[in-house]
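The values are calculated or read from the model by the stated rules, or taken from the named source; none is laboratory data. Model, not experiment: these values are computed from the prediction. Note that we place each Cβ from the backbone using ideal geometry, even for glycine, and neighbour counts take in every protein chain shown.
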Amino acid sequence: MPYTSAAAVVADYGDSLDGKVIIDITNPVASDLSGLVTPHGSSGAQEIAKGLPAGAPIVKAFNTIFGHVLAKGGYLDAFIAADDAKAKARVSIFLESLGLRPFDIGGLHMAQTLEALGLMMIGLARNGAGTWNFAMNVDLG
């Protein structure tokens with residue numbers, strides 16, 4: 001299914017999503033890993049947002065942490081992007097409750113950058129690092 005159909009799939013849930021914060025964890029990557037499958041100038045999160053009710057803000061998060069790395073625990077950095085400040089705050093509290101360090105990278109338009117980072121991490125794991133056992137970290141030292 002083309003990623004532009006994501007809005008239609010989400011729209012099927014209609015008003016049941018109203019009032020809920022939606023967290024988009026996806027990396028909309030082509031099956032051959034040649035790039036992202038979202039329309040130019042958009043992101044998976046932005047496409048999903050098109051199908052959400054107005055009262056269901058979307059936050060891009062978790063897509064830059066490999067699942068098995070997250071499962072191991074430890075103090076990991078989690079990057080988030082959203083237009084709704086209250087939703088970002090709620091997701092940040094949730095991330096902290098999991099032992100993660102949230103980093104706000106800006107509005108939902110920045111989800112494009114997070115998805116590109118996800119693709120870069122996949123390429124790094126497959127080619128440069130030779131392992132999937134790593135995470136991106138912000139060194140404030």
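Scan the range 48-58 and tell me whether some residue there is among the charged types (D, E, K, R) and surrounded by fewer than 15 Cβ atoms within 10 Å (Cβ to Cβ).
So far as the range 48-58 goes, yes, one or more of its residues are among the charged types (D, E, K, R) and surrounded by fewer than 15 Cβ atoms within 10 Å (Cβ to Cβ).
Out of Pro28, Pro39, I need the residue that is in contact with a Ser or Thr (Cβ under 7 Å, 6 or more places away or on another chain), exposed (fewer than 13 other Cβ atoms within 10 Å of the Cβ) and closer than 21 Å to Asp83 by Cβ. Which one?
It is Pro39.
Determine which member of the set Ala7, Ala30, Ala45 is among the small types (Gly, Ala, Ser) and at pLDDT 95 or above.
Ala45
Would you check if Leu124 is free of Cβ contacts under 8 Å to residues at least 12 places away in the same chain, on the phi < 0 side of the Ramachandran plot, among the hydrophobic types (A, V, I, L, M, F, W, C) and in a helix (DSSP H, G or I)?
Yes; evaluated as a whole, the condition is true for this residue.
What's the number of the condition Ala6 fails, among (1) in a loop (DSSP other than H, G, I, E, B); (2) in contact with a helix residue (DSSP H, G or I) (Cβ under 7 Å, 6 or more places away or on another chain)?
(1)
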